[in-house]
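**Student:** Below is the structure I would like to discuss, written out as structure tokens.
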Amino acid sequence: MAWRPDHPVMLPNGRLVCSTRGLVICHYCTVDYSFMDESETVRMMIRRIPIKMAPPLNVFAAGPERRVGTKRTFPTKFKPPNQSDTPESLFPLGRSEMASPPVYRFIHRNDNNQFLIYTDGACLDNGGVNPRAGCSFVYRNSTSDPQVCGYVDFPLEKQGPTGIQQPQTSNRAELRAVIAALRFRYWLGEGCTCLVIATDSEYVVEGITKWVKGWIRNNWKTKVGAPVKNQDLWKCLLGEVKRRNEEGMQIQFWRIPREWNTEADQRAKEAANKAASQKFEDILGLLV
């Protein structure tokens, strides 16, 4: 039987989880495998289930339906308590017991429900004759296990979320990395009620928390009347913010210095050298 995104997968301990997010209880997939336990009867039943083991960590599949945001829901900026605070000091690696199995994330030192993800985008020959863009986000530390690398990197697709061919630029790659990070996992199911996106991109942080409000009021036109660039990605990002807000999870953006974002930056540049796919696709995380 070929693996499909809507099928459950079996963990090494015999537990069943949804295949797209690796959760025992998943509101997106509307499944609840919490009835499974470690009894001998259940283990015997599990062995008879014709099911494939989970595929590799990051797979391309269909996530929740992408939405277009509205003018009523916007993210906010994250403000660290102290000027000296860095992502590393404020969000050390922590363990969340809400997921099954438990996961390691960058978790606020004083708030177990606040996670942080680093994102970045890069474009080789940006504005030139052969631009090649890459995206990356880092959601935990890497380990010796190749299935738990802690980051995702991928080349920017040639098409946007609407299926229309789009240019390869660093701005698009930076926006795309954030969208991918938000759709990678069902973060709320891991105990995250506030997700902080840490990026060195002024374009992303100011755009999604401030500039986009004026663009919407002006029917997606700039002050000089020109169409706003990357509307497809801005609208897609707003849609993800709205979805998370409805589910009870806030999204915040923290603009950090480039030297605090070195891993995501490096991974994005490496991804820019990979062959880009034509179609805009989700990247879903399994068992991480």
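**Student:** When residues of region 229-250 are filtered for being open to solvent by less than 10 Å² (accessible area, probe 1.4 Å) and not in a helix (DSSP H, G or I), how many remain?
**Tutor:** 1
**Student:** Cys149 versus (1) open to solvent by 50 Å² or more (accessible area, probe 1.4 Å); (2) within 15 Å of the chain's Cα centre (by Cα): which is the lone unmet condition?
**Tutor:** The single condition Cys149 does not satisfy is (1).
**Student:** Between a first residue in region 101-125 that is more than 17 Å from Gly189 (Cβ to Cβ) and assigned to a strand (DSSP E or B) and a second residue that is open to solvent by less than 10 Å² (accessible area, probe 1.4 Å) and hydroxyl-bearing (Ser, Thr, Tyr), which pairs have beta carbons less than 6 Å apart while being 6 or more apart in sequence or on different chains?
**Tutor:** What qualifies is Thr119/Thr199; Asp120/Ser136.
**Student:** Next question. Considering only residues that are more than 12 Å from Trp254 (Cα to Cα) and assigned to a loop (DSSP other than H, G, I, E, B), look in region 188-222 and name the one that is modelled with the lowest pLDDT.
**Tutor:** Filtering first and then ranking leaves Thr222.
**Student:** Could you list, in sequence order, the residues of region 151-187 that are among the polar types (S, T, N, Q) and touching a residue at least 40 places away in the same chain (Cβ under 8 Å)?
**Tutor:** Gln159, Thr162, Gln166, Gln168, Thr169, Ser170, Asn171
**Student:** Search region 241-268 for residues that are modelled with pLDDT of 95 or more and pair each with any residue that is in a strand (DSSP E or B) and open to solvent by 60 Å² or more (accessible area, probe 1.4 Å) when their beta-carbon atoms are under 6 Å apart and the residues are at least 6 apart or on different chains.
**Tutor:** Gln252/Thr76; Phe253/Lys77
**Student:** Which residues, counting only those in region 87-100, are touching a residue at least 60 places away in the same chain (Cβ under 8 Å) and either more than 15 Å from Glu263 (Cα to Cα) or of a type in the set (Gly, Ala, Ser) (or both)?
**Tutor:** Phe91, Ser96, Glu97, Met98, Ala99, Ser100
**Student:** Looking at region 156-173, is at least one residue part of a loop (DSSP other than H, G, I, E, B) and closer than 17 Å to Trp254 by Cβ?
**Tutor:** No: region 156-173 contains no residue that is part of a loop (DSSP other than H, G, I, E, B) and closer than 17 Å to Trp254 by Cβ.
**Student:** Based on this model, can you work out whether Ile107 counts as out of contact with any strand residue (DSSP E or B) (no Cβ under 9 Å at 6 or more places or on another chain), among the aliphatic types (A, V, I, L, M) and more than 14 Å from Asp265 (Cα to Cα)?
**Tutor:** The answer is no for Ile107.
The values are calculated or read from the model by the stated rules, or taken from the named source; none is laboratory data. All values derive from a computational prediction rather than experimental measurement. Reconstructed Cβ throughout: ideal geometry from the backbone, glycine too, with neighbour counts over all protein chains shown. Heads up: the accessible areas ignore ligands, DNA and RNA and are worked out on the full protein's heavy atoms, side chains in. Shrake-Rupley method; radii C 1.70, N 1.55, O 1.52, S 1.80 Å.
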